[in-house]
Amino acid sequence: FLLHPARLDGALQSLLGLARDEGGFLPVRIGRLALRRGAAAPVHATLRLRAAGERELLADGALRDALGDAVAVLDGVE
């Protein structure tokens with residue numbers, strides 16, 4: 001894997017706390033995922049909420065290595 005699925009899943013799970021209703025928010029699409037080849041393993045994620053409605057959210061984010069450099073960039077997470 002260029003990016004282990006468990007690392008990506010862990011980052012996306014942080015969006016669950018942004019749910020507007022009891023059903024929760026489950027990301028179903030990522031508009032763009034860009035990876036940096038040869039990067040160190042990500043150790044933390046940053047996510048930014050772009051828009052929120054009754055039943056949907058739109059966010060962008062990045063998985064970062066220990067130095068804070070982006071390993072993967074996510075745009076348009078819905």
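Karplus couplings for segment 69-76 from phi (6.51 cos²θ - 1.76 cosθ + 1.60, θ = phi - 60°), rounded to Hz, Gly and Pro as x?
Once θ is set to phi - 60°, the couplings for segment 69-76 become 7, 5, 9, 9, 10, 10, 10, x Hz.
Run the numbers on the chain and let me know its relative contact order in percent, using alpha-carbon pairs under 8 Å that are six or more apart. Each step should come with its number before you reach the end.
Numbers: 143 pairs, mean separation 24.5, N = 78.
Once normalised by length, the contact order is 31 percent.
Do the sum for the chain: with -39,500 (n - 2.57) for every DSSP H run of n ≥ 4, divided by all residues, what is the mean residue ellipticity at 222 nm, to the nearest 500 deg cm²/dmol?
Estimated from H runs of four or more residues: -3500 deg cm²/dmol.
Among 52, 26, 42, whose Cα projects farthest towards the positive end of the dipole of the chain, with charges put on the beta-carbon of Lys, Arg (+1) and Asp, Glu (-1)?
42
Any idea what the dipole of the chain comes to, in debye rounded to 20, about its Cα centre with Lys/Arg Cβ at +1 and Asp/Glu Cβ at -1?
280 debye
In angstroms, what radius of gyration and Dmax does the chain have, counting Cα atoms only?
Cα radius of gyration and Dmax of the chain are 12.6, 40 Å respectively.
Could you rank 65, 9, 75 by how accessible they are, 1.4 Å probe, largest area first?
Listed by decreasing accessible area, they come as 9, 75, 65.
The values are calculated or read from the model by the stated rules, or taken from the named source; none is laboratory data. Computed from a prediction, not measured in an experiment: that's the story for all the values here. Reconstructed Cβ throughout: ideal geometry from the backbone, glycine too, with neighbour counts over all protein chains shown. Ligands, DNA and RNA are excluded from the accessible area calculation, which covers all protein heavy atoms including side chains. Shrake-Rupley method; radii C 1.70, N 1.55, O 1.52, S 1.80 Å.
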